[in-house]
1. Only one of A:Tyr428, A:Tyr440, A:Tyr388 is in contact with a strand residue (DSSP E or B) (Cβ under 6 Å, 6 or more places away or on another chain) and among the hydroxyl-bearing types (Ser, Thr, Tyr); which?
2. Restricting attention to region A:251-269, and to residues there that are surrounded by 24 or more Cβ atoms within 10 Å (Cβ to Cβ) and within 7 Å of chain B (Cβ to nearest Cβ), which single residue is farthest from A:Asp280 (Cα to Cα)?
3. Looking only at region B:78-99, count how many residues are within 14 Å of chain A (Cβ to nearest Cβ) and surrounded by fewer than 14 Cβ atoms within 10 Å (Cβ to Cβ).
4. When the residues of region B:117-131 are filtered to those that are modelled with pLDDT of 90 or more and surrounded by 13 or more Cβ atoms within 10 Å (Cβ to Cβ), which remaining residue is nearest to B:Ala55 (Cα to Cα)?
5. Under the condition of being of a type outside the set (Ser, Thr, Tyr) and not in a helix (DSSP H, G or I), which residue from region A:335-356 is nearest to the other protein chains (Cβ to nearest Cβ)?
6. Take region A:294-334 and flag every residue that is away from chain B (no Cβ under 12 Å) and in a helix (DSSP H, G or I).
7. Scan region A:337-349 and tell me whether some residue there is in contact (Cβ under 8 Å) with a residue 24 or more places away in the chain, more than 23 Å from the chain's Cα centre (by Cα) and in the same structural domain as A:Gly151 (by TED's automatic domain parsing).
8. Scan A:Glu215, A:Glu223 and give me the residue that is surrounded by 21 or more Cβ atoms within 10 Å (Cβ to Cβ) and on the phi < 0 side of the Ramachandran plot.
Amino acid sequence: MSKRKIGRRDMLKTTAVVGAGFAAPMVFVPRAYAYTNEPKGATVTLGFNVPQTGAYADEGADELRAYELAAEHINGEGDGGMLNTFSSKALKGNGINGKQVIYVTGDTQTKADAARASAKRMIEKDGAVMITGGSSSSTAIAVQGLCQEAGVIFMAGLTHSNDTTGKDKRANGFRHFFNTEMSGAALGPVLKNAFGSDRVAYHLTADYTWGWSQEGSIKKYTEQLGWQTYETVRTPLGAGDFSQYITPVLTSGADVLVLNHYGRDMVNSLTQAVQFGLRDKQVNGKDFAIVVPLYSRLMAQGAGENVKGIFGSTNWHWSLQDEGSKAFVRSFGQKYGFPPSQAAHTCYCQAILYADACERAGTFRPSVVGPALEGFKFDGLGNGPTEYRASDHQCFKDVLVVKGKEAPTSKFDVLEVVEVTPRAQVEYPAEMLGGELGPYNDGTA
Amino acid sequence: MDAILLQILNGLDKGGAYALIALGLTITFGTLGVVNFAHGALFMLGAFCAVSVKALLSLEQVTEDATQLTAWGTPLEVRVPYVESWFGDFGTVLLDYSVPVSILVAIPVMLLIGVVMERGLIRFFYKRPHADQILVTFGLAIVLQEIVKGAFGANPIPQPAPDVAKGMIDFGVAVGMDAGNVVYPMWRLVYFLFSVAVIAGVFAFLQFTTFGMVVRAGMADRETVGLLGIDVDRRFTIVFGIAAMVAGLAGLMYTPILSPDYHMGMDFLVLSFVVVVVGGMGSLPGAVAAGFLLGILQSFASMNEVKSILPGIDQIIIYLIAVIILLVRPRGLMGRKGVMEH
C-alpha cells in the first residue's frame, strides 16, 4: 500500500476549493450584475409561485390565470383589463421599462419548504427578478424571507396573517391583501348591528399562525363591543371531521360560533356546524349565529348552501360595481368563462403594481423599486383609493363584509357584499404588530 | 349528561367509519397477507362514486338567454338538469336522493376496482416483504389521489343528504330526557345504522355461506385448503373486491358528513391502521370493536372538561390508547396468535 504525502501546495489548493465551496451560497449574483438578476436582454422574467398541487391547488390555478392575464396586459395584449382604470398611467403597454414580460412558475404545494425551494429555483436558475403569489401565510413568510436574502422583491399573494407585514415583515416584501386585524375591525361593528352586544362567543380555531392571529383579532374586537368569549378551542389543521369539537358547543350556552378556519377546514367545520342545527338553533332567547371571519368564494362554493346567511370578510368580490372591478371581471371572464376569485384579484393587482413601480423608478433594482411603492396612493384596481403604507409595506383600503347569499343565481353567486368598511376604520399603527422592515437588499452585498 | 350522550353518539358515527375501513383492511390482511395502504384511497373512490353519480344526474341542458348578460358580457346561460326536464318531479327526487342512489352504482364499480387492483398489481407482491407491499400500495394511493384531483379538482365537493334526512332527531326524548337537550343530525344516525348493517352483512356472509366458510378456512390454513382442490386464489380475489366495496360504501355514505375531496382517504387511513393494530391483526371482531371504541374515546377526549385537565389530549388519544393496549395485550384486543409474529 502506497502512502501519498500531502504537501504545502496540495494543502493550499484544498483549502481554496473548500473555501470557495463554502462561500458560494453567499455570493448570490455574479459581480457583472448591479443587482440580483438584472435584466440584460429584451425581456424581464417574473416568478409566479403558486400552489399547483395540494389542498389549495384550485386557488393557485386561479392565481396563475390572473398572472397570465396581467402579463398579457402589461405587454399590451388583450383588452388591457384594469390598466385602463388604474390611476397611474406609467405603464405604456410595451412591457416594463421597455422589456417584454415573460414568466416562470413554481409550485408552493402550500408548504413553506417547497415554496422556498421553488422560489430559489426561479431566482437562481430562471433569473426571476421578482417573486409573487401563494395562498397561505406560512409560505408567504418563508418566501418573503428568502427573497430578502436573495435580493429580489416579493409581492405576496393571498396571505391574511398579521405577521406577514407585522413581526415577520421585510423591506423587500409587499402585501396587497388585507389581514386579520382588518377583518376584526371591519366585522366587529357589523356583527354588533346584526346580533347585538350581549352575546357569548365560542371559537374553533385552526391550530397554526393564521388561526391564532384571526382568533386574537376577532376576540379583541367582539369583546370591545361587549361580547363575552366562552371558550377558544384549537383544532388540528386538516381535522376533516370537526363534530367532536362542535358537540360541546351545543351544550355550552354560547350563542355565537366563530370558525377561525380557512379552505378545506372551513368547508368541513361550517358544513358540520350547520348539520348539527346551529344555524337554526335558539340559545339564551336569541337566534344562534355562525361567523366565518375570512371568506373565499372558491371555498364557499365547497360549502354549498351551508354558507347562507353566514357573515365574513373578504378582500374583494367579483360583484363589485366600480369601474376597476368591472373591467377585471370582464377581462378575466371573457378569457376563462367564469369570474375571478379574490386570490386572482390580489395577484393581478400585485403584478400590475410591481410593473408600475418599476416603470416609475426606471429600473428593477429592489432598493429603488421598493421606495416607489412606499406611500404610493392609487385607485382603479377594484378596492377604491388605496395606499401602500411605507412603514410596513401593507396596503390600506376599504374592507368588504360579506354574507352567504340566500338566493344565489349561479354557482359563483354565493356571497353578497353587506358593507364596505372604510379604510379609516380598519387602519392601525404599524408599530402595533411589531417587526422591523430592515434595509432593502439588492443582492450585491 | 347531555354532553356525554352527545359525545357517545358522535363517537359511534365516527367509529362506524373507522370500523368499516378497518374491517376491509383486516379482511385483506387476513386473507391475502397484504398490508394495503391504498385502502384509504378506496374509501375516497367510493365517495367519488357519489360525486360522479350526482354529476351525471345533474347534467344540464344549457340555453343562452340573449336578453341577459353575465358580469363579463356574455349571454347568460340558463341551466336545467336533463333528469328534471325528462322526468319532472321524479327527476327532482332522483337528484335529492343521489347519495343513496349511488350505492347501486358503487357496489359493482368498487367490486370491479378491487378485483382489477388485486389481479393487476397486488398479486405480484404476495411473496414480497411487507415493506414492498406498503411502498407499492402507498404509491398506488397517491396515483389514485392525483387522478381524482385531476378529474374533480382539489376543492371539497358538497354532497347534501336527502331532504328527509337533513334534520335533527331529538335523541334525548327517546331515552326519557327533556326535549331539546340531546338533538343529533339524522344523517349521522343513518350512517351509524348503515355501518352496523354492512358489518353484520359481512360477518353473516363469512359465517353462514359456503364461500365464507372456504375463505375462513383459507385464512386459517391456505395450503391445506388448496390441497383439497379448492381454488383459494380466486376466492381471495373476490374477497379483495368485497373489502374494496365495503371501504367504498363507507366513503360514499360519509359524503354528506364530510364533503369529499381527493385527500379524504389519507385522513382515515392512518387512524384505521391504528384501529386494526388495536383490534388485533387479522381479527374481524377486534377491528370492529376497536373502531367504535377509539371513535368514542376520541370524542370524549375533545370535551373541554377533559382538555382542561389534559391539554392536547384530543390529538393524541388514539395513539396513546394504542400504546397502552399494545403494552398490556401485545396482540391487540382480539389478536390471533401467529399473525404478524414472524
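The values are calculated or read from the model by the stated rules, or taken from the named source; none is laboratory data. For clarity, every value in this text was computed on a predicted model and none was experimentally measured. Cβ placement follows ideal geometry from the backbone for every residue including glycine, while neighbour counts extend to all protein chains displayed.
1. A:Tyr388
2. Filtering region A:251-269 for residues that are surrounded by 24 or more Cβ atoms within 10 Å (Cβ to Cβ) and within 7 Å of chain B (Cβ to nearest Cβ), the one farthest from A:Asp280 (Cα to Cα) comes out as A:Arg264.
3. Summing the residues that are within 14 Å of chain A (Cβ to nearest Cβ) and surrounded by fewer than 14 Cβ atoms within 10 Å (Cβ to Cβ) in region B:78-99 gives 3.
4. Only one residue fits best here, namely B:Met117.
5. Here is the first cut: in region A:335-356, the ones of a type outside the set (Ser, Thr, Tyr) are A:335, A:337-340, A:342-345, A:347, A:349-353, A:355-356.
From what's left, not in a helix (DSSP H, G or I): A:337-340.
Working: A:Gly337: 8, A:Phe338: 8, A:Pro339: 6, A:Pro340: 10 Å.
Checking each candidate, the answer is A:Pro339.
6. From region A:294-334, those away from chain B (no Cβ under 12 Å) are A:294-295, A:308-316, A:322-324; that's our starting set.
Across region A:294-334, the qualifying residues are A:Glu323, A:Gly324.
7. Looking for residues that are in contact (Cβ under 8 Å) with a residue 24 or more places away in the chain, more than 23 Å from the chain's Cα centre (by Cα) and in the same structural domain as A:Gly151 (by TED's automatic domain parsing), one finds none in region A:337-349, hence no.
8. Answer to the selection: A:Glu215.
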